[in-house]
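Chemist: Sharing a structure here in structure tokens format.
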């Protein structure tokens, strides 16, 4: 891979955290709290441990393949056909993620701040930004992410501590939630919250120091888990978990509560501005990954030009007449199981089989 | 070619920067209201009133309202409608401006409407991104319109502070509670404690806070007086400061005033004895003697002890009266004992087996008061 695509440790950790922050922005904490209620903290620790074990397995399995991502490993396992098949699935997954992120966040912006504008203008602004970022180059996306992440992390900490006075610690009990089955059985579905694992399948070739992949993965995973835990704790202590009311954006409701002294209220617009940058960078990164996959599949020399088509497809998808109910179904059901299937199904199976093949080949 | 391209880009940018737009919505297009009032009209609709500050002394009424305002600095517009949003739409049409709730500092609901249930109205407003969660909720003993009208005449010229004297009084009197929209919405949506709101009494010419409006689910079921409000704040650890008056133990027929606050958080322990909640509450008030007649001596430790005992008895009775009123008379858990008790269980299903909602009415209480007198203000002895 070209040197211009190689990222340092801090840059890649920032990108992984950016993915996590975007999951937090888009109601993932609410889906966790909605399922496991007051047992969410125990549930996050539980799924955090499970996901961590799987992450260690993935790291171990990827060890044998230097500078290779899931596509390269698929090619090694069963040739070009499998590579293309995995490529199409990966593109479908990343396009779905981008589509959900873009449409959801644009709708939030439209509802809260820009109700006088047609949502298509908001979508166009995002698409143009993503296109320009990808045309400029991956380094610029990575640097923007590195610049934004400290502010995004501070914003999570601010949202946690600044509403401390309003916390109702009784919302954290009963500590195991509704019952054991919901927290530890059904709650297993919350493993999708650590969706960042999907990106570990693809980031190895873009690392400047691939030998530090394990260190990078573990550090980014632990920080991501901590910010997820903090956000869910804030949400749990502020909002009731026994009712069926569902906010369009739970983190926005949380930050609306922030008051710094008597005079500073409604600081949500500052957070929204930060989130806009964060969504920009995140979507640009996802489109970059899609372009890279397409490049590998189609043997294109310069994937930058592919940005025009991927961005157009993304824009076209967002114009589909999908109502709230369908978005909710895609977000809460379809999206969740596709991610789980990819993280712990296809990805892991290919890695295991490729490792077996490699061991047999060595023998 | 390059020059033409640059020129075109500059011209395009200039188009957006230097030209106005005929359809923009500016600050002039909004009608920033400072309070919303909700009443029940005679024909079963809701009467929506909105209040904004104005330099004019005239009064107006819009839509189908037949009411008028005597406000000199504030205008009140009323309309009858099926829903809040319909009412706002009618007022938007009448005022030829868009009503904006970002500066709304109070939502006033009449007692009559509150008793029929408020969830629909609260949910409607909660769904509006303009309304702040810090907006206060006030229950009016008469109509919301009347309260808004009386407050308009209070002489306050700074619109943001118009309702402050009703909503901030809890900080220094304890005669009512803090009741913000966010907290009230949480209470309505919560299974573990019932919501409360500021209760106000409207007299001929004035309006004043008068305890707490208490709810069961979304319906107001009654109100507690100022002394019950102090007891409620002590129990929920929300007491900032209050003045209590009790019999002077040193001089018969005289009264003694104390400025009271809490030096330690109230402890609550709940046990289930024979399927009946036994609730032990330990409170830790500290006080400063404000006035105690014409003869007092607080250099003497015995006197302080005697006074502390008297205060202990007074607060114990205050809390007992309050707790038995909410449990026996109203059967509403506004303190959140249920939330405290559920923390003793590992799962919600285990907690539900206790059938708390059914047994709460049978609760009995043990109050322990540990008062500390730490000051007698400027004089120790007279």
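Chemist: Is it true that residue B:134 is part of a loop (DSSP other than H, G, I, E, B), within 30 Å of residue A:269 (Cα to Cα) and in contact with a strand residue (DSSP E or B) (Cβ under 6 Å, 6 or more places away or on another chain)?
Modeler: In short, yes.
Chemist: While we're looking at this one, here's another question. Given the criteria in contact with a helix residue (DSSP H, G or I) (Cβ under 9 Å, 6 or more places away or on another chain), more than 14 Å from every other protein chain (Cβ to nearest Cβ), buried (at least 16 other Cβ atoms within 10 Å of the Cβ) and assigned to a loop (DSSP other than H, G, I, E, B), does residue A:202 qualify?
Modeler: Here the answer is yes, as residue A:202 does meet what is asked.
Chemist: OK, next. Can you name every residue in segment B:77-99 that is at pLDDT below 90 and either part of a strand (DSSP E or B) or under 23 Å from residue B:199 (Cβ atoms) (or both)?
Modeler: B:98
Chemist: Something else: Looking at segment B:178-193, can you tell me whether even one residue there is farther than 27 Å from residue B:342 by Cβ and in contact with a helix residue (DSSP H, G or I) (Cβ under 9 Å, 6 or more places away or on another chain)?
Modeler: No, because not a single residue in segment B:178-193 is farther than 27 Å from residue B:342 by Cβ and in contact with a helix residue (DSSP H, G or I) (Cβ under 9 Å, 6 or more places away or on another chain).
Here's the yes/no breakdown for (1) within 14 Å of chain B (Cβ to nearest Cβ); (2) at pLDDT 85 or above; (3) crowded, with 21+ Cβ neighbours inside 10 Å; (4) not in a helix (DSSP H, G or I):
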site: A:171; (1), (2), (3), (4): yes, no, yes, no
site: A:211; (1), (2), (3), (4): no, yes, no, no
site: A:214; (1), (2), (3), (4): no, yes, no, no
site: A:253; (1), (2), (3), (4): yes, no, no, no
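Chemist: Looking for something more than 10 Å from chain B (Cβ to nearest Cβ), under 19 Å from the mean Cα position of the chain (by Cα) and touching a residue at least 24 places away in the same chain (Cβ under 8 Å) - is there at least one such residue anywhere in segment A:236-248?
Modeler: No, that holds for no residue.
Chemist: From the set of residues in segment B:346-377 that are away from chain A (no Cβ under 14 Å) and closer than 25 Å to residue A:37 by Cα, which is surrounded by the most Cβ atoms within 10 Å (Cβ to Cβ)?
Modeler: B:360
Chemist: Quick check: anything in segment B:220-234 over 21 Å from residue B:317 (Cβ atoms) and either more than 17 Å from the chain's Cα centre (by Cα) or more than 14 Å from every other protein chain (Cβ to nearest Cβ) (or both)?
Modeler: There is at least one residue in segment B:220-234 that is over 21 Å from residue B:317 (Cβ atoms) and either more than 17 Å from the chain's Cα centre (by Cα) or more than 14 Å from every other protein chain (Cβ to nearest Cβ) (or both).
Chemist: Just checking, does segment B:308-322 include any residue being without any contact (Cβ under 8 Å) to a residue 24 or more places away in the chain and under 30 Å from residue B:342 (Cα atoms)?
Modeler: yes
Chemist: Criterion first (touching a helix residue (DSSP H, G or I) at 6+ places or on another chain (Cβ under 9 Å), away from chain A (no Cβ under 11 Å) and surrounded by fewer than 22 Cβ atoms within 10 Å (Cβ to Cβ)) does residue B:199 satisfy it? If you could, list the steps in order and put the result at the bottom.
Modeler: On the way: touching a helix residue (DSSP H, G or I) at 6+ places or on another chain (Cβ under 9 Å): yes; away from chain A (no Cβ under 11 Å): yes; surrounded by fewer than 22 Cβ atoms within 10 Å (Cβ to Cβ): no.
Here the answer is no, as residue B:199 does not meet what is asked.
Chemist: Let me ask something else. Would you say residue A:53 is more than 14 Å from every other protein chain (Cβ to nearest Cβ), more than 17 Å from the chain's Cα centre (by Cα), assigned to a helix (DSSP H, G or I) and surrounded by 17 or more Cβ atoms within 10 Å (Cβ to Cβ)?
Modeler: It is false that residue A:53 is more than 14 Å from every other protein chain (Cβ to nearest Cβ), more than 17 Å from the chain's Cα centre (by Cα), assigned to a helix (DSSP H, G or I) and surrounded by 17 or more Cβ atoms within 10 Å (Cβ to Cβ).
Chemist: Please go through (1) away from every other protein chain (no Cβ under 14 Å); (2) assigned to a helix (DSSP H, G or I); (3) buried (at least 19 other Cβ atoms within 10 Å of the Cβ) for residue B:125 and return the number of the only condition it doesn't satisfy.
Modeler: Going through (1) away from every other protein chain (no Cβ under 14 Å); (2) assigned to a helix (DSSP H, G or I); (3) buried (at least 19 other Cβ atoms within 10 Å of the Cβ) one by one, residue B:125 breaks only (1).
Chemist: If you take the residues in segment B:334-345 that are in contact (Cβ under 8 Å) with a residue 60 or more places away in the chain and farther than 16 Å from residue B:266 by Cβ, which one is surrounded by the fewest Cβ atoms within 10 Å (Cβ to Cβ)?
Modeler: B:344
Chemist: While we're looking at this one, here's another question. From the list A:106, A:162, A:140, exactly one residue is within 14 Å of chain B (Cβ to nearest Cβ) and farther than 30 Å from residue A:57 by Cα. Which is it?
Modeler: A:162
Chemist: Using the structure shown, decide if residue B:283 is part of a strand (DSSP E or B) and under 28 Å from residue B:155 (Cβ atoms).
Modeler: When the stated conditions are applied, residue B:283 does not pass them.
Yes/no matrix, rows are residues, columns are (1) modelled with pLDDT under 90; (2) in contact with a helix residue (DSSP H, G or I) (Cβ under 7 Å, 6 or more places away or on another chain):
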{"site": "A:97", "(1), (2)": "yes, yes"}
{"site": "A:118", "(1), (2)": "yes, no"}
{"site": "A:127", "(1), (2)": "no, yes"}
{"site": "A:136", "(1), (2)": "yes, no"}
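Chemist: Considering each of A:45, A:96, A:71 in turn, give the residue that is in a helix (DSSP H, G or I) and surrounded by 18 or more Cβ atoms within 10 Å (Cβ to Cβ).
Modeler: Working: A:45 fails: surrounded by 18 or more Cβ atoms within 10 Å (Cβ to Cβ); A:96 fails: surrounded by 18 or more Cβ atoms within 10 Å (Cβ to Cβ).
Among A:45, A:96, A:71, only A:71 is in a helix (DSSP H, G or I) and surrounded by 18 or more Cβ atoms within 10 Å (Cβ to Cβ).
Chemist: Hey, another quick one. Scan segment B:112-122 residue by residue and report those that are within 14 Å of chain A (Cβ to nearest Cβ) and surrounded by 18 or more Cβ atoms within 10 Å (Cβ to Cβ).
Modeler: B:122
Chemist: Right, here's the next one. Taking segment A:264-322 only, how many residues are touching a strand residue (DSSP E or B) at 6+ places or on another chain (Cβ under 9 Å) and assigned to a loop (DSSP other than H, G, I, E, B)?
Modeler: Pass one, segment A:264-322, residues touching a strand residue (DSSP E or B) at 6+ places or on another chain (Cβ under 9 Å): A:265-267.
Keeping just the survivors that are assigned to a loop (DSSP other than H, G, I, E, B) gives A:266-267.
The number of residues fulfilling the criteria is 2.
Chemist: Just one of (1) more than 18 Å from residue A:341 (Cβ to Cβ); (2) modelled with pLDDT of 90 or more; (3) touching a helix residue (DSSP H, G or I) at 6+ places or on another chain (Cβ under 9 Å); (4) more than 14 Å from chain B (Cβ to nearest Cβ) trips up residue A:66, so point out which.
Modeler: It is condition (2) that residue A:66 fails.
Chemist: Here's a follow-up. With the structure loaded, tell me whether residue A:185 is in a helix (DSSP H, G or I) and more than 14 Å from chain B (Cβ to nearest Cβ) or whether it fails that test. Let's see the steps before the verdict.
Modeler: Working: in a helix (DSSP H, G or I): yes; more than 14 Å from chain B (Cβ to nearest Cβ): no.
Against the criterion (in a helix (DSSP H, G or I) and more than 14 Å from chain B (Cβ to nearest Cβ)), residue A:185 does not qualify.
Chemist: Continuing with this model, one more query. Among the numbered conditions (1) over 19 Å from residue A:312 (Cα atoms); (2) in a helix (DSSP H, G or I); (3) within 14 Å of chain B (Cβ to nearest Cβ), tell me where residue A:121 comes up short.
Modeler: (1)
Chemist: State yes or no: is residue A:79 free of Cβ contacts under 8 Å to residues at least 12 places away in the same chain, surrounded by fewer than 21 Cβ atoms within 10 Å (Cβ to Cβ) and either part of a helix (DSSP H, G or I) or within 14 Å of chain B (Cβ to nearest Cβ) (or both)?
Modeler: Numbers: free of Cβ contacts under 8 Å to residues at least 12 places away in the same chain: yes; surrounded by fewer than 21 Cβ atoms within 10 Å (Cβ to Cβ): yes; either part of a helix (DSSP H, G or I) or within 14 Å of chain B (Cβ to nearest Cβ) (or both): yes.
When the stated conditions are applied, residue A:79 passes them.
Chemist: Also, I was wondering about something else. Taking segment B:139-168 on its own, how many of its residues are part of a helix (DSSP H, G or I) and surrounded by fewer than 18 Cβ atoms within 10 Å (Cβ to Cβ)?
Modeler: Counting residues in segment B:139-168 that are part of a helix (DSSP H, G or I) and surrounded by fewer than 18 Cβ atoms within 10 Å (Cβ to Cβ) gives 4.
The values are calculated or read from the model by the stated rules, or taken from the named source; none is laboratory data. Computed from a prediction, not measured in an experiment: that's the story for all the values here. Ideal geometry is used to build each Cβ from the backbone, glycine not excepted, and the neighbour counts take in all protein chains shown.
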